[in-house]
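Input: a single structure, listed below in structure tokens.
The values are calculated or read from the model by the stated rules, or taken from the named source; none is laboratory data. Everything numeric in this text was worked out from a predicted model, so none of it was measured. In this analysis, Cβ positions are derived from the backbone assuming ideal geometry, glycine residues included, and neighbour counts consider all displayed protein chains.
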Amino acid sequence: MLNSSRLRIIGRRLLQAIPVVVLSTFIVFGLLKLVPGDVAVTLAGDNASDQRIAEIRELYGLNQPFFLQYGSWLWKAAHGDLSSSLISNEAVLTSIQRCLPHTLLIVALALFTAMLIGIPLGIAAATKPGSWIDGFVMAIASLGVAVPNFWLGMLLVAFFSLQLNWLPATGAVSLMKDPWASLSHAILPAVALASGGIAEVARQLRSSLVEILSSQQVRTLHAKGLPPSAILWRHGLKNVSVNLLTVVSLLANRMLAATVVVEAVFAIPGMGGLIVNGAMNRDFPVVQGVVFTMVLIVVTLNLLTDILYSVLDPRISS
Amino acid sequence: MTKIDTTEIEMGKRTLHRRDILALMGGVAATGALGLPAWAQEGKKGGVLKVAAPANPSSLDPATGGAGSDHSILWTMYDTLVEWDYETLKPKPGMAKWAFPDPKTMVLDITTGIKFHDGTPMDAEAVKFNLERNRSDQRSNVKPDLSSVEAVEVTGPLQVTLKLKNPDTALPAILSDRAGMMVSPTNIKALGNETDRKPVGAGPWKFVRWNDNEIIVVTRHDQYWRQGRPYLDGIEFNIIPENATALRSVVAGQNDMAFQLPARLKPVIERAKSLELVSSPTLYCIQLYMNYARAPLDNIKVRQAINFALDRDAFVKAALNGLGEPARMTLPSSHWAFNKDVAGMYPTNVEKAKALLAEAGFKDGLELTIGGYMDQDSVRRGEVIQDQLGKAGIRLKFSRGTIAEISAQFFATEKKFDLLVSAWTGRPDPSMTYALGFDKGAYYNAGRTADPELSKLIQESRVSEDLSKRAEVFAKIQKFTVENALSAPLAFQFELDALSAKVKGFKPNLLGKPKFENISLG
């Protein structure tokens, strides 16, 4: 699987990731400094005074020039030190190590749910276009896109947690500590997050599958006397797999962003809460650390997608 | 936020009867009538209380932190030299008794046998170490609180004497706040800055663990100096900033208690049969801050017009679901320093407001810029105020953003906006409130200017130790700030907490920051 051309892709992509990380953290840093509000005021607390705020700026190096502040952050980050939260003093790396697994678990579970439900729905709709099944699936798909995930989350909690008492309403448990409790905490947020994904997977799969199934090539296969199931599984799905991969990888990136809201609804101490709290207080080491990690994850996901492309379709090599 | 919330608000309007409001106005006394447990009874020992806490602390070191939301968590680990009465906030002895042998000397006599969690004795040396650190360490945020202290002397194994630059009878109350939370000197000397996350105090519980934005765990301090206390073996603070989510966690039984909930969630608590609702008055004053150092609010008539145009009773009903007390000054009616003579100074009178505006040269009304926050409750408050002032011809131009952003634009160097709709969270001593909010150069006085008469009165409020004499000075201060309309107080927001049925003995306080010392699990 890892031939020389693929290794070259990986190498090139990793090199490309460096300017992406630098640029994105630089932009975020700039935005944090540009918008009004000052972490020194937060640090000075409820009894703030002009003098105390000035003292704190001096103490934390917040009065240094913009480029110097960014540069010293970048220098430390390049050496594996993501600094500490200016407010709570917790090492940013510690926060991320604790929060990231919660977020990744929900996203992975949501992605899995989206495919588990979305793919059969898409196939069902595509094999009988125009039928009532098709109409039903597309109606569900439209609804899935239209329903905001935080609202769905609240409905799910109201029903499954508060009424039936089946699943916990809030919080998260580490997968390492207690796998079962961890999954039971993650199910509802993952379903809430997956609703849009199910719809998207089903719709995209349907449209590309319909196109393939009505192509001349498939007509020939029918004429050769191949059973419809063989045509669907061996020829139809194989041809739409590249499209499906694109949809899923875009979906994964979007879900990583959408967890911010879902985490708030379910009180999950994940990356979303970390960055929101950091941004609200202008705690830039925290924000920078989260952005840095997220960029790395997205770059890795995209790289993985590209490699899978060339596996699924050998014509895509460079 | 969602459809659900609108229906909640509508239901709130329908279900909130006059009787409820009256009962709630009665505050602490009325909570008994609402079927709450008698807190005075001895509690059962044992059990871990799970609490949904609204914010991640800024620090677990009282000297270096700064957020008002920290206190409820800090008090579990740190006892204070001075404490206060729950209903009135009158200072009373904590780990120490105090006396003023003369106006410029304060003597603290420390209770015998108190030990920090690490075994270090809580004696005169420890108190001196703490007070010196609080007033001189570069990371200390409480330096201004102790600015009247000239020297701290150990005058006995358990006695500390404070020499003061000027008389300061606000000190007992100040020592019930951050400045009076004693930390273990051994721990500070050993850890330095790391004490922010590894606190050692002398409170009823000791620190176990803190994960940012997730959880704080404390466990019983077996050598606690108060016999038979605490009742709880431990407390687990689950940090949930989203209020509705915090309440859901209590409804679902994952937490035992959620505190400082917004009024809009009252109907939700009432609907959950298994929960008890606690509501009581606090010092948390929702108000319009004014930058009166520049036009047009440098004109007293414009400021008074704003005060006349506001309908505070309607504000409490519309913006707080009735869970509040209309504010006539910066202190609520239950406070020991409340001045009832100025309470009736600004009855709602739109005509009078218009007339004052005309006298000030704004016959056709005027436009004012105002800053506000963007959370759901703040937006709702802003809309009510906009409507009320609009009737008198005062058109508000709103800018919204996060608390950090908007408050910095108003109070710090930028000086944006004429008005800010925000809140004053209250302080143990009223002189702190006036010194921080109205005195010359004070940060929360956006214009930084103050009439010398007011500054003089604020200093005078710290001279006498006699509360009735101090109350007389505060009456003058209140008269001054209200007559000159230096702010427009709107309402004191009631504390709203949801408790599961097994939580016994919880007693709210006037500061609105829960203490857990009386709680037991039945």
Under the condition of being in contact with a strand residue (DSSP E or B) (Cβ under 9 Å, 6 or more places away or on another chain) and of a type in the set (Gly, Ala, Ser), which residue from the range B:237-253 is nearest to B:Gln376 (Cα to Cα)? B:Ala246
Some residue of the range A:290-305 being within 30 Å of B:Ala67 (Cβ to Cβ), at pLDDT 90 or above and within 12 Å of chain B (Cβ to nearest Cβ): yes
Working carefully through the options A:Ala172, A:Ala223, A:Ala192, A:Ala186, find the one that is in contact with a helix residue (DSSP H, G or I) (Cβ under 6 Å, 6 or more places away or on another chain) and away from chain B (no Cβ under 14 Å). A:Ala186
Search result, residues across the range A:19-49 that are closer than 22 Å to B:Gly437 by Cβ and hydroxyl-bearing (Ser, Thr, Tyr): A:Thr42, A:Ser49
Answer yes or no as to whether B:Ala392 is touching a residue at least 12 places away in the same chain (Cβ under 8 Å), touching an Asp or Glu at 6+ places or on another chain (Cβ under 9 Å) and either β-branched (Val, Ile, Thr) or not in a strand (DSSP E or B) (or both). yes
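Let's see how each residue does on (1) buried (at least 19 other Cβ atoms within 10 Å of the Cβ); (2) assigned to a loop (DSSP other than H, G, I, E, B):
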| position | (1), (2) |
| --- | --- |
| B:Lys44 | no, yes |
| B:Lys92 | no, no |
| B:Trp98 | yes, no |
| B:Asn130 | yes, no |
Grab the helices (runs of 4 or more DSSP H) fully contained in the range B:400-473, keeping just those with 3 or more residues being within 14 Å of chain A (Cβ to nearest Cβ) and within 20 Å of the chain's Cα centre (by Cα). B:403-411, B:430-437
Matching residues in the range B:345-384 - criterion: being among the small types (Gly, Ala, Ser) and either closer than 30 Å to B:Leu261 by Cβ or loosely packed, with under 15 Cβ neighbours inside 10 Å (or both): B:Gly361, B:Gly371, B:Gly372, B:Ser378, B:Gly382
Within the set of pairs 6+ apart or on separate chains, which have a first residue in the range B:130-143 that is free of Cβ contacts under 8 Å to residues at least 12 places away in the same chain, a second that is among the acidic types (Asp, Glu) and surrounded by fewer than 21 Cβ atoms within 10 Å (Cβ to Cβ), and C-beta atoms under 8 Å apart? B:Gln138/A:Glu55
Output for the range B:447-497, where each listed residue is crowded, with 23+ Cβ neighbours inside 10 Å, without any contact (Cβ under 8 Å) to a residue 60 or more places away in the chain and closer than 23 Å to B:Leu310 by Cβ: B:Ile477
Is at least one residue of the range B:51-59 surrounded by fewer than 23 Cβ atoms within 10 Å (Cβ to Cβ), touching a Phe, Trp or Tyr at 6+ places or on another chain (Cβ under 8 Å) and either modelled with pLDDT of 85 or more or assigned to a strand (DSSP E or B) (or both)? yes
Within the range A:156-184, work out how many residues are in a helix (DSSP H, G or I) and either among the charged types (D, E, K, R) or crowded, with 24+ Cβ neighbours inside 10 Å (or both). 1
All conditions in (1) out of contact with any strand residue (DSSP E or B) (no Cβ under 7 Å at 6 or more places or on another chain); (2) closer than 19 Å to A:Ser95 by Cβ are true of A:Pro285 except (1)
Please name all residue pairs, on different chains or six or more residues apart, with Cβ atoms under 7 Å, provided the first residue is in the range A:122-134 and is among the β-branched types (Val, Ile, Thr) and the second residue is at pLDDT below 85. A:Thr127/A:Leu232
Does B:Asp79 satisfy the criteria of being within 14 Å of chain A (Cβ to nearest Cβ) and touching a residue at least 60 places away in the same chain (Cβ under 8 Å)? no
Residue among A:Ala279, A:Ala264 that alone is modelled with pLDDT of 85 or more, in a helix (DSSP H, G or I), farther than 18 Å from A:Pro189 by Cβ and within 14 Å of chain B (Cβ to nearest Cβ): A:Ala279
Taking the conditions exactly as written (charged (D, E, K, R), in contact (Cβ under 8 Å) with a residue 24 or more places away in the chain and part of a helix (DSSP H, G or I)), does B:Arg303 satisfy them or not? yes
Turns out the helices (runs of 4 or more DSSP H) fully within the range A:1-108 with at least 2 residues that are more than 10 Å from chain B (Cβ to nearest Cβ) and among the charged types (D, E, K, R) are A:4-34
May I ask you to list the residues in the range B:291-306 that are of a type outside the set (Gly, Ala, Ser) and over 28 Å from the mean Cα position of the chain (by Cα)? B:Arg294, B:Pro296, B:Asp298, B:Asn299, B:Ile300, B:Lys301, B:Val302
